[in-house]
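Read the structure below first, then the notes.
Rule-based calculations on the coordinates, nothing more; no lab input. All of these numbers come straight from a predicted model, not from anything done at the bench. All Cβ positions, glycine included, derive from the backbone under ideal geometry; neighbour counts span all protein chains shown.
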Amino acid sequence: MITEYNKEIIKKLIGIKIVKKIANQGELTMDKIYEFAEEVHPLKESHPAQLRVIQPKQAVTDDYYENRLNLNVDENGIIREVSWG
């Protein structure tokens, strides 16, 4: 179950740039985002977290997984929208 607490926490990712290796201020690596998702996702007691980075104009499936964190990024890799599912 997604709580209001989890919704507020994931909103903090908006505006953060995803980078591959070394993160500067205002940036996070995918490893760090995964660690974050593992800590706060709603099914952490029974399922590992999943991440899905969605690029602009990228087609995605409509399947829903409560433990999946979707990161919608812009063309510069900056997170613009975050949701579970």
Scanning the range 62-76 for residues that are under 15 Å from residue 49 (Cα atoms) and either in contact with an Asp or Glu (Cβ under 7 Å, 6 or more places away or on another chain) or charged (D, E, K, R) (or both) gives 66, 68
Picked from the range 42-85 (must be in contact with a Leu (Cβ under 8 Å, 6 or more places away or on another chain), in contact (Cβ under 8 Å) with a residue 60 or more places away in the chain and aliphatic (A, V, I, L, M)), the residue farthest from residue 14 (Cα to Cα) is 82
Taking the range 64-77 and keeping residues surrounded by 15 or more Cβ atoms within 10 Å (Cβ to Cβ) and either among the β-branched types (Val, Ile, Thr) or under 28 Å from residue 46 (Cα atoms) (or both) leaves 65, 67, 68, 69, 70, 71, 72, 73
